[in-house]
Amino acid sequence: MARPKSEDKRNAILDAATRLFAERGLTAAPTSDISKQAGIAEGTLFTYFKTKNDLINALYREIKLELADAMMSDFPRKKNIHTRLRHVWDRYVNWGIANPKQRKVLAQLQVSGVLTKESRDAGSAPFVEFQTMIRHAIEQRVFRNDLPVELISKSLAALVEATIDLTVSNRSKAKQYRDSGFQMFWAAITK
């Protein structure tokens, strides 16, 4: 009978992959190095993830879930759309600043060409409430109705990424970048 898998070992593998992918990129981080960093035998890695691509897909889903948890925790559902969107914005910026390796790896994973449809769908699932909020704001004519939900979401992500980059490079202007970035986004999507 096979031994049960350890959540600690699985997490150690994902953490090691995050560190090495952030330092070297996806292709320059072999599974042998990931296993070594995780403190396990290489064969053990393949007990948890059949292939490197399986590991990459699992890591993508894990990071997206962490990001969604950060963005949607304590979400002010009863507040107005501006307050709710600002909550998402601030939480996203905070997560990006606090998790530079995950952020860097997520950017690599999204353009890797390795992600499966199932992983992309699983990565989108935690953001359904956010998408619904945007759709509702469009229907209520708070947001421009000529903008697709997907474009609004991608625009938010792009401006958040710019805000994080600027904040990390010049912490003395963190509040200005955060506020100005959000104001730019809000002005672009509202009527």
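Condition check ((1) within 21 Å of residue 184 (Cβ to Cβ); (2) among the aromatic types (Phe, Trp, Tyr)) across all residues:
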| residue | (1), (2) |
| --- | --- |
| 71 | yes, no |
| 77 | no, no |
| 95 | yes, yes |
| 109 | no, no |
| 128 | no, no |
| 136 | no, no |
| 160 | yes, no |
| 164 | yes, no |
Criterion first (over 15 Å from residue 152 (Cβ atoms), surrounded by 15 or more Cβ atoms within 10 Å (Cβ to Cβ), out of contact with any helix residue (DSSP H, G or I) (no Cβ under 7 Å at 6 or more places or on another chain) and not assigned by TED's automatic domain parsing to the domain that holds residue 14) does residue 80 satisfy it? no
Taking the range 1-57 and keeping residues loosely packed, with under 15 Cβ neighbours inside 10 Å and of a type in the set (A, V, I, L, M, F, W, C) leaves 1, 2, 28, 41
Flagged in the range 59-77 as farther than 16 Å from residue 15 by Cβ and among the hydroxyl-bearing types (Ser, Thr, Tyr), in numbering order, are 73
Picking from 119, 155, the residue that is of a type in the set (Gly, Ala, Ser) and either assigned by TED's automatic domain parsing to the domain that holds residue 26 or more than 30 Å from residue 51 (Cβ to Cβ) (or both) would be 155
Taking the range 138-170 and keeping residues surrounded by 17 or more Cβ atoms within 10 Å (Cβ to Cβ), in contact (Cβ under 8 Å) with a residue 24 or more places away in the chain and outside any loop (DSSP other than H, G, I, E, B) leaves 143, 152, 156, 159, 160, 163, 164, 167
Q.
Any residue that is in the same structural domain as residue 163 (by TED's automatic domain parsing) and at positive phi - is there at least one of those in the range 18-40?
A. no
Out of (1) more than 27 Å from residue 133 (Cβ to Cβ); (2) in the same structural domain as residue 174 (by TED's automatic domain parsing); (3) out of contact with any Gly (no Cβ under 7 Å at 6 or more places or on another chain), the one residue 108 does not meet is (3)
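Go through 39, 25 for me and flag whichever is farther than 16 Å from residue 109 by Cβ and in contact with a helix residue (DSSP H, G or I) (Cβ under 9 Å, 6 or more places away or on another chain). Step through it out loud before you land on a result.
On the way: 25 fails: farther than 16 Å from residue 109 by Cβ.
That would be 39, the only listed residue that is farther than 16 Å from residue 109 by Cβ and in contact with a helix residue (DSSP H, G or I) (Cβ under 9 Å, 6 or more places away or on another chain).
The values are calculated or read from the model by the stated rules, or taken from the named source; none is laboratory data. Worth saying up front: this structure is predicted, and the values here are computed from it rather than measured. All Cβ positions, glycine included, derive from the backbone under ideal geometry; neighbour counts span all protein chains shown.
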